[in-house]
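These notes concern the structure reproduced below.
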Amino acid sequence: MNGFILLLPFFFIRFVVLAVLDRTSLQRAAMFAPLKGNEKTAYYIYLLTNAGVILYPFFLTVKPKLSPLFLVGLICYLLGLLLCLFTVKAFSSPDKSGLNTDGIYRFSRNPMYVSYFVCFLGIALLTSSTLTPPYIPSGNTSLLPLQTPLQRAAHPGSSIS
């Protein structure tokens, strides 16, 4: 299965559910403050990284198997989607000033980004992406079953497949 399919529920929650709950929330979510000076550079870097995160799964495949890495990835992915759903629901009902300060927004100023991170971490783990290694210690041989195929290839003497 192509890794991009994992993004479809995410996009559905992020855009369709948000629009159904409150169309103005979708517009609020897309708003940025006016950019000044170096902020424009940061904004373009932000756009490029978003494009990379969205396009990268096109080149990945999900091979369902019962392994610790896959299960951790599945948990992260589902938790990220669930968290995204909660944040979208909370975002769609701001207070009179237009701010979200209740619910999950009590704990984080932007919990949507937290949900994105958890969801995309799950996608990286589910696809055994080469971007996964920063999240998984590779120096400890007791963790070899949690490594990606690329990392296991670097340990040819290992009996773990």
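Out of curiosity, is L71 more than 29 Å from G98 (Cβ to Cβ), surrounded by 11 or more Cβ atoms within 10 Å (Cβ to Cβ) and in contact (Cβ under 8 Å) with a residue 12 or more places away in the chain?
So L71 fails the test.
Which condition from (1) within 17 Å of the chain's Cα centre (by Cα); (2) part of a loop (DSSP other than H, G, I, E, B); (3) of a type in the set (S, T, N, Q) is the one that S97 breaks?
(1)
All but one of (1) in contact (Cβ under 8 Å) with a residue 60 or more places away in the chain; (2) farther than 11 Å from R14 by Cα hold for S108, so report the exception by its number.
So S108 meets the others, but not (1).
Test F32 against the stated conditions and say whether it is free of Cβ contacts under 8 Å to residues at least 60 places away in the same chain and within 24 Å of L79 (Cβ to Cβ).
Here the answer is no, as F32 does not meet what is asked.
Just to be sure, is G73 under 19 Å from S129 (Cα atoms) and modelled with pLDDT of 90 or more?
yes
Residues to consider are G3, G103, G98; find the one that is on the phi > 0 side of the Ramachandran plot, in contact with a helix residue (DSSP H, G or I) (Cβ under 8 Å, 6 or more places away or on another chain), surrounded by 12 or more Cβ atoms within 10 Å (Cβ to Cβ) and modelled with pLDDT under 90.
G103
Taking the range 73-113 on its own, how many of its residues are within 24 Å of K63 (Cα to Cα) and among the aliphatic types (A, V, I, L, M)?
So the count comes out to 6.
Right, F70: more than 16 Å from F11 (Cβ to Cβ), assigned to a loop (DSSP other than H, G, I, E, B) and among the aromatic types (F, W, Y) or not?
Spelling it out, it is not the case that F70 is more than 16 Å from F11 (Cβ to Cβ), assigned to a loop (DSSP other than H, G, I, E, B) and among the aromatic types (F, W, Y).
Out of all the residues in the range 23-59, which are surrounded by 11 or more Cβ atoms within 10 Å (Cβ to Cβ) and not in a helix (DSSP H, G or I)?
Correct list: L35 only.
The values are calculated or read from the model by the stated rules, or taken from the named source; none is laboratory data. Owing to the predicted nature of the structure, the values given are computational and were not obtained by experimental measurement. Because the Cβ atoms are built from the backbone with ideal geometry, glycine has one as well, and the counts that use them run over all protein chains shown.
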